[in-house]
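What follows is a set of notes on a single structure, which appears directly below.
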Amino acid sequence: KVIQEFEGTFRGAGFDVIKVIWGGKFNELIEADHDGKLIEALEMTPDGDCQRLHAKADGAVIRKDIFEKHGLLDRVAHWSDDELLQAFQVPGGHDHTKIFAAFK
């Protein structure tokens with residue numbers, strides 16, 4: 001994954017590195033992921049697929065390509081496509097609250 005490559009490059013150059021991958025709206029899903037299947041599905045999704053999903057900006061496509069593909073539709077059944085899109089479009093690196101918390 002690109003994130004690990006960047007982390008290694010910056011750590012090797014002497015920088016302190018924090019990784020804030022998913023934004024605050026995803027916390028609800030991640031905290032309810034007691035079996036680890038959601039984290040596994042997210043980690044298995046190639047960077048290029050995440051970029052494609054961001055570019056398409058369609059919650060229904062995100063629901064199908066990540067959650068349905070991995071049998072996790074029940075995890076986002078309570079979210080509309082717009083809510084899912086909003087959560088997906090704000091990664092951790094753009095969530096000021098999560099970045100501030102990572103520095104504590």
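The values are calculated or read from the model by the stated rules, or taken from the named source; none is laboratory data. Only a predicted model underlies this, so the values are computations on that prediction, with no experimental measurement involved. Please note: Cβ atoms are built from the backbone with ideal geometry, for glycine as well, and neighbour counts cover all protein chains shown. Heavy atoms of the whole protein, side chains included, go into the accessibility calculation; ligands, DNA and RNA do not. Shrake-Rupley method; radii C 1.70, N 1.55, O 1.52, S 1.80 Å.
Given the structure, is ALA77 free of Cβ contacts under 8 Å to residues at least 12 places away in the same chain, open to solvent by 30 Å² or more (accessible area, probe 1.4 Å) and over 19 Å from GLN4 (Cβ atoms)?
Details: free of Cβ contacts under 8 Å to residues at least 12 places away in the same chain: yes; open to solvent by 30 Å² or more (accessible area, probe 1.4 Å): yes; over 19 Å from GLN4 (Cβ atoms): yes.
Against the criterion (free of Cβ contacts under 8 Å to residues at least 12 places away in the same chain, open to solvent by 30 Å² or more (accessible area, probe 1.4 Å) and over 19 Å from GLN4 (Cβ atoms)), ALA77 qualifies.
Would you be able to tell me the number of residues in the range 1-39 that are over 18 Å from CYS50 (Cβ atoms), without any contact (Cβ under 8 Å) to a residue 40 or more places away in the chain and among the aliphatic types (A, V, I, L, M)?
Of the residues in the range 1-39, 2 are over 18 Å from CYS50 (Cβ atoms), without any contact (Cβ under 8 Å) to a residue 40 or more places away in the chain and among the aliphatic types (A, V, I, L, M).
Scan the range 70-104 for residues that are in a helix (DSSP H, G or I), farther than 16 Å from ILE21 by Cβ and of a type outside the set (A, V, I, L, M, F, W, C) and jot them down.
Correct list: ASP74, ARG75, ASP81, ASP82, GLU83, GLN86.
Out of the range 47-74, which residues are closer than 21 Å to ILE3 by Cα and touching a residue at least 24 places away in the same chain (Cβ under 8 Å)?
ASP47, LEU53, HIS54, ILE62, ILE66 - these are the residues of the range 47-74 that are closer than 21 Å to ILE3 by Cα and touching a residue at least 24 places away in the same chain (Cβ under 8 Å).
Is one or more of the residues making up the range 29-37 among the basic types (Lys, Arg) and under 19 Å from ILE3 (Cα atoms)?
Restricting attention to the range 29-37, the residues satisfying the condition of being among the basic types (Lys, Arg) are 37.
Among the residues that remain, those that are also under 19 Å from ILE3 (Cα atoms) are: none.
No, every residue in the range 29-37 fails to be among the basic types (Lys, Arg) and under 19 Å from ILE3 (Cα atoms).
Go through the range 8-56 and count every residue that is open to solvent by 40 Å² or more (accessible area, probe 1.4 Å) and hydrophobic (A, V, I, L, M, F, W, C). Write out each step before concluding.
Filtering the range 8-56 for residues open to solvent by 40 Å² or more (accessible area, probe 1.4 Å) gives 8-16, 18-19, 21-22, 25, 27-28, 30-32, 34-35, 37, 39-40, 43-44, 46-49, 51-52, 54-56.
Still in the list and also hydrophobic (A, V, I, L, M, F, W, C): 10, 13, 15, 18, 21-22, 30, 32, 39, 44, 55.
Residues in the range 8-56 being open to solvent by 40 Å² or more (accessible area, probe 1.4 Å) and hydrophobic (A, V, I, L, M, F, W, C): 11 in total.
How about the range 80-104: which of its residues are open to solvent by 30 Å² or more (accessible area, probe 1.4 Å) and within 20 Å of MET44 (Cα to Cα)?
Once the filter is applied, which keeps residues that are open to solvent by 30 Å² or more (accessible area, probe 1.4 Å) and within 20 Å of MET44 (Cα to Cα), the range 80-104 yields LEU85, GLN89, VAL90, PRO91, GLY93.
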